[in-house]
Amino acid sequence: MPKVVDAEARRRVVAEAVFRVVRAQGLDQASLRNVAEEAGLAVGSVRHYFADHDELLAFALEELVGRVDRRVMARVARVRAASTPEERFAGVEGLLGELLPLDPDRHDEAVIWLEFSHAARTRPALRPAARRIHEGIRMVVGRVLASAGVPDVPVETERLAALLDGLAVDAVLQPDLTTPDLMRAVLRRHLAGLRPGGRGPL
């Protein structure tokens, strides 16, 4: 019988190849030819699944967004299940930690995110997914802060989101200085300082 190829599975394989090329060489090197070679496919095979280079990159960025979304949603369930303030604090710290490069996999994601975010400034095809990343981080942060009763949620949301973004960028550009331990300490200190009405930690 002829072999049935799952088109979506093959597209995800190609997206993973995009990630490897971007991580190692930068987005400028993620040409159809280089990505096809990394995926072990002919260029024609890649073109079979993607109409053009822009569609390939946009799909890869959406895959990155989905990967982070799934991890964050799993953490949300843990925060909701917390039965003590200590458990809630740890749950919130873990949830927001999913947005930081605290291990090799998340560091790779941050490298890729930074490459795509920079490219989105001049590549219209990447802007919708890049915008969703920006807005998605702020939506998650805002809901966490609102549910904790933190005053002035819009400003505090932007302040915490900027902290997360800045730590991620610094960890990509200066990983020997912005270490996972330092990022955890900074996040923990910030969360501990968010005391609604002075009544206790987040």
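Before moving on, here are some points about what is shown:
- For the chain: relative contact order, % (alpha-carbon pairs under 8 angstrom, 6 or more apart): 18 percent
- Charged neighbours of residue 53, selected by a Cβ distance under 13 Å, balance to -1 (K, R count +1; D, E count -1).
- Local net charge near residue 79, Cβ-Cβ under 9 Å (Lys/Arg +1, Asp/Glu -1): +3
- Cα-based shape type of region 111-202, given that a ≥ b ≥ c are square roots of the gyration tensor eigenvalues and the cut on a/c is 1.5: oblate
- Percent of Cα-Cα distances greater than 17 Å, calculated over region 19-111: 60 percent
- Extending 7 Å from the Cα toward the beta-carbon at both residue 10 and residue 32 defines two label points whose distance is 1.5 nm.
- Rounded if a/c under 1.5, otherwise prolate or oblate - region 95-152, Cα gyration tensor axes: oblate
- Three-way shape call for region 5-72 based on the alpha-carbon gyration tensor, with the a/c threshold at 1.5: oblate
- For region 131-171, backbone nitrogen atoms closer than 14 Å to the point 7 Å from residue 78 Cα along Cα-to-C-beta are found at no residue.
- Relative contact order %, region 72-167, counting alpha carbon pairs below 8 Å whose residues are six or more apart: 18 percent
- Ranking of 112, 133 by solvent-accessible surface, largest first: 133, 112 (1.4 Å probe, protein heavy atoms only, all chains present).
The values are calculated or read from the model by the stated rules, or taken from the named source; none is laboratory data. Only a predicted model underlies this, so the values are computations on that prediction, with no experimental measurement involved. Cβ coordinates were reconstructed from backbone atoms using ideal geometry, including for glycine residues, and neighbour counts include every protein chain displayed. Side chains included, ligands, DNA and RNA excluded: accessible areas come from the protein's heavy atoms. Shrake-Rupley method; radii C 1.70, N 1.55, O 1.52, S 1.80 Å.
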